[in-house]
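Derivation of every value follows stated rules applied to the coordinates shown; laboratory data play no part. Values in this document were obtained by computation on a predicted structure and should not be read as measured data. Ideal geometry is used to build each Cβ from the backbone, glycine not excepted, and the neighbour counts take in all protein chains shown.
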Amino acid sequence: MKWKNVAPTPGSPAALGYRMPAEWESHYATWIAWPHNRSDWPGKFEPIEWVMAEIVRHLAHDERVNILVNHEAGEERARKFLTRAQVIAEGSDGSIQFHHYPTNRIWTRDYGPIFVKAGKKLAAMDWRFNSWAKYNDWRRDDAIPQQILTELNVENWQPTTEVNGKAKRVVLEGGSIDVNGAGAILTTEECLLSDVQARNPDLSRNELEQVFADYLGCTKTLWLNKGIAGDDTHGHVDDLARFVDKHTIVVACENHRDDENHAPLLENYKRLQHMTDQDGRPLKIAKLPMPDPVWFEGRRLPASYANFYIANKRVLVPVFNSVNDLPALTTIQQLFPSRRVVPIYCGDFIWGLGAIHCMTQQQPA
């Protein structure tokens, strides 16, 4: 599918030179939120904070880690876990900083600010967040970008588009997109164009492509079809396919024909084979296996190795005690030869319906 390129509107952030950097470009910090909403892991909350401590351990080696907590007691609890896990020493934060900004959930990928750059100048986008058009408790999360951006004192925009002659804020989650920093963006029709959990029911495919061009500097949108089984976001792309350099995409594939993920993932793979990048060149495609299905209390969970996070010198990859853990780690290591690939066990964490990419948001250097 050779989708057309879309030019930014004159006067838009992209026309002023701003673009969303790729995740592998240098970070100043990673923003996360400390778990507190036990209803996101019903009956299984106890191990979650230890998983978070392990994630912070690896991130803090290479970049600042900004942790959102609801209040002083939340910071004290997080410090206790990080200290017991020897991530921070008693009385010393090192590269870890706490911020008392109340949240509903920990998924900063989806509600945090999306940073853009023009040369060395940092700015950000504050998209509207409505909890995946599914849950009612989202107002604390929706307020987070302005709290962060006020503290950082960086220029920011609240992306809007015209609907029936009136400006309307655009809903967008960070997990629904992936960019190569050079003008291409990946997303899915299921998430952004479906009538189910419709984020922007008044916007067409062409209008969304213009939004991406204007606010993220992405002139070429690559539309995949459906997401994986168990995904309550209804089609986030960060469980499906990820840019690993400007011209290469790694895509999740399910080899078992009787698995419900087989057909939709095969269709996404075939679509990518016929797509081109922002310069009209065919994409390089690498296959990433899927883990064995992860079930809990009769529900299939959205387990995928594609939900990895690219830190400055490491790639944190969710693993699930599956026979495909090692092949997946090997594939990702081959794609990131200069970074250390770190497996993080997420068999419990995924009960919250998200993994490592979902709970991280990068701030470019």
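Quick notes
- Length gained when the stretch Arg205-Lys313 is fully extended (0.36 nm per residue, less Cα-Cα span): 35.3 nm
- Rounded to whole Hz, the Karplus (6.51, -1.76, 1.60) HN-Hα couplings of segment 353-365, x for glycine and proline: 6, x, 9, 5, 5, 4, 9, 10, 9, 7, 10, x, 5
- FRET E, pair Thr83, Glu260, Förster distance 45 Å, beta-carbon r, rounded to 0.05: 0.55
- Amide proton proximity set for Phe115, modelled H, under 5 Å, gap of 5+: Met125
- Taking the Cα centre of segment 52-177 as reference, the dipole from Cβ charges on Lys and Arg (+1) and Asp and Glu (-1) amounts to some 320 debye.
- If the segment from Asn136 to Thr160 were pulled out straight at 0.36 nm per residue, it would be longer than the present Cα-Cα gap by 6.4 nm.
- Anisotropy class of segment 179-305 from Cα gyration tensor, a/c 1.5 cut: oblate
- Estimated dipole of the chain in Debye, rounded to 20 [Cβ of Lys and Arg +1, of Asp and Glu -1, Cα centre]: 780
- Put a dot 7 Å past the Cα of Trp295, heading toward its Cβ, do the same for Asp62, and the two dots end up 3.7 nm apart.
- At q = 0.08, 0.09, 0.11 Å⁻¹ the log10 of I(q)/I(0) for segment 27-364 amounts to -0.35, -0.45, -0.69, computed by Debye summation with a single uniform scatterer per C-alpha, solvent ignored.
- Mean separation of Cα contacts under 8 Å (6+ apart) over length of segment 271-365, as relative contact order %: 26
- Computed helical MRE - 222 nm, the chain, DSSP H runs ≥ 4 contributing -39500 (n - 2.57), nearest 500: -7000 deg cm²/dmol
- Placing a label point 7 Å from the Cα of Lys4 along the Cα-to-Cβ direction, no residue of segment 138-175 has its backbone N under 12 Å from that point.
- Calculated FRET value between Leu16 and Thr150, using beta carbons and R₀ = 22 Å, to 0.05: 0.55
- Links that overshoot a 26 Å alpha carbon limit, given the list Lys246/Lys287; Lys120/Lys313; Lys168/Lys270; Lys44/Lys226: Lys168/Lys270; Lys44/Lys226
- Distance between the modelled labels on Lys120 and Glu76, one decimal in nanometres: 4.3 nm (7 Å Cα→Cβ projection).
- The gain in end-to-end length when the Gln97 to Ala167 segment is fully stretched comes to 21.5 nm, 0.36 nm per residue minus the alpha carbon separation.
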